[in-house]
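Visitor: Got a structure for you, questions after.
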Amino acid sequence: MHKLIELINDLESRIQEAELINETVSGSSVGWHIEHALLSINFIIDELKNSNPEDYIRNFSFPRILVFTMNKIPRGRGKAPEIVQPKNNITADALKKQLKTVSCKIKEIEFLKPENYIKHPYFGDLNLKLAKKFLLIHTRHHIDIIKDIIKTKKQVISDK
């Protein structure tokens, strides 16, 4: 989980730019992407903890194979489930609070069984190993979007 912790630290380092938005990159702000990534991590860890390993069903999913092989989520293809969509005004304090929650929960992954799983809306059942990989891919996806929002905004400011 060391790589995921590094990604979470990357998210934290971008909180000061939470209000930045660039419609050409994303209709959502940097803060929205940070909060969505954190909500997703929290939700996935909770789902893993609450799953019954005996109910796990290994399944074939072409989209999963594609995304997990490329280690990349194509932009604009999926829609975040309602439960992991930020709802309120996103503040630096709220993001820092989410970060604390994630930091505590992430440690719980070590104690789960390999058959603990989540039901992913596009990829089907993901066991612990696949869920961990998804957390990395998904978090990186949003960090890449954040970087593009910030980079494009800084280019616009320097062009003026």
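Each reported figure results from applying straightforward, stated rules to the coordinates on display, with no laboratory input. Worth saying up front: this structure is predicted, and the values here are computed from it rather than measured. Cβ placement follows ideal geometry from the backbone for every residue including glycine, while neighbour counts extend to all protein chains displayed.
Visitor: Using 0.36 nm times the number of residues separating Thr24 and Asn59, minus their current alpha carbon distance, what extension gain do you get?
Guide: 9.0 nm
Visitor: Measure nothing fancy, just the Cα-based angle from helix 92-106's long axis to the longest principal axis of the chain, in degrees from 0 to 90, nearest 10.
Guide: Taking Cα atoms only, the helix is inclined about 20 degrees.
Visitor: In addition: What span do the alpha-carbon atoms of the stretch 1-67 cover on each of the three principal axes, reported in whole Å from largest to smallest?
Guide: Principal extents (Cα only, largest first): 44, 25, 19 Å.
Visitor: Can you tell me the Rg and the Dmax, both Å, for the Cα atoms in the stretch 6-128?
Guide: Cα-based Rg and Dmax for the stretch 6-128 come out at 15.6, 45 Å.
Visitor: Putting +1 on Lys and Arg Cβ atoms and -1 on Asp and Glu Cβ atoms, find which of His120, Pro81, Gln98 reaches farthest to the positive end of the dipole of the stretch 80-124.
Guide: Gln98
Visitor: Under a Cβ-only charge scheme (Lys and Arg +1, Asp and Glu -1), can you give me the dipole magnitude of the chain about the Cα centre, in debye to the nearest 20?
Guide: 340
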